Amino acid sequence: MTEDKRQELAAQLEAARAEWETAWAREEEHQERLLPAVDMRLRLAEAGYAAGTQPLSEVWEARRAVLEVQIEHWAIMTALQRAMVKVGYLLNDDRLFPGSAS
C-alpha cells in the first residue's frame, strides 16, 4: 500500500470516528435533556387538560414534540450505525457487527 493511500484511509477513519463521536454526543443530549423535557411537557399538558386548565391543543402540541424528539433519536441512531459500519469497513473488522459471520 502506498503512503498516499495509507494517509487517505487514516483520514477516512478519523472522519468516521468523528462522525460517531458527534452522533454519540447528540444521543447523550437527547437521553439526558430533550427526552425528559418533552415527556414532562406532555405530562403537564395532560394534567392541565384533565384539570380543565389547558386546552386539548396543548396536549396535541406536546405529543407532537415527543414524536419529533423520538424521530430525531432514530435519525441519530442511524448516524451512529453508519459511522460504525464505516469504522468497521476501514479497520476490516466485522466483530463490530453482531451476528456477522466471523
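When the chain is treated as a GNM with alpha-carbon contacts under 10 Å, the residue of THR53, THR78, THR22 showing the greatest mean-square fluctuation is THR53. The string of couplings for the range 2-12 from the Karplus curve (6.51, -1.76, 1.60, θ = phi - 60°) is 6, 4, 4, 5, 4, 5, 4, 5, 5, 5, 5 Hz, one whole number per residue in order, with x for Gly and Pro. A helix-only calculation puts the chain at -28000 deg cm²/dmol for mean residue ellipticity at 222 nm, using -39500 (n - 2.57) for each DSSP H run of at least four residues, averaged over all residues.
For GLN54, the residues 5 or more places off, or on other chains, whose built amide H falls under 5 Å of its own are TYR49. In plain terms, the chain from GLN81 to ALA47 could stretch by 8.5 nm, reckoned as 0.36 nm per residue minus the Cα-Cα distance.
In order along the range 28-39, the phi-based Karplus estimate (6.51 cos²θ - 1.76 cosθ + 1.60, θ = phi - 60°) of 3J(HN,Hα) comes to 4, 4, 4, 5, 8, 10, 6, 4, x, 5, 6, 5 Hz; Gly and Pro are listed as x. Using Cα pairs closer than 8 Å and at least 6 residues apart in sequence, work out the relative contact order for the range 35-90, in percent. Dividing the mean separation by the residue count of the range 35-90 yields 34 percent. In the chain the Cα-Cα distances spread across 10 Å bins starting at 0 as 15, 28, 22, 16, 11, 6, 2, 0 percent of all pairs.
The relative contact order of the chain comes to 37 percent, based on Cα pairs under 8 Å that sit 6 or more residues apart. Ranking GLN31, VAL87, GLN12 by how far each Cα lies toward the positive end of the dipole of the chain (charges on Cβ) leaves GLN31 at the top.
Throughout, read-outs are computed from the coordinates displayed, never taken from laboratory work. Quantities reported herein were computed from a predicted structural model and do not represent experimental measurements. So basically every Cβ, Gly included, is an ideal-geometry build from the backbone, and we count neighbours across all protein chains shown.
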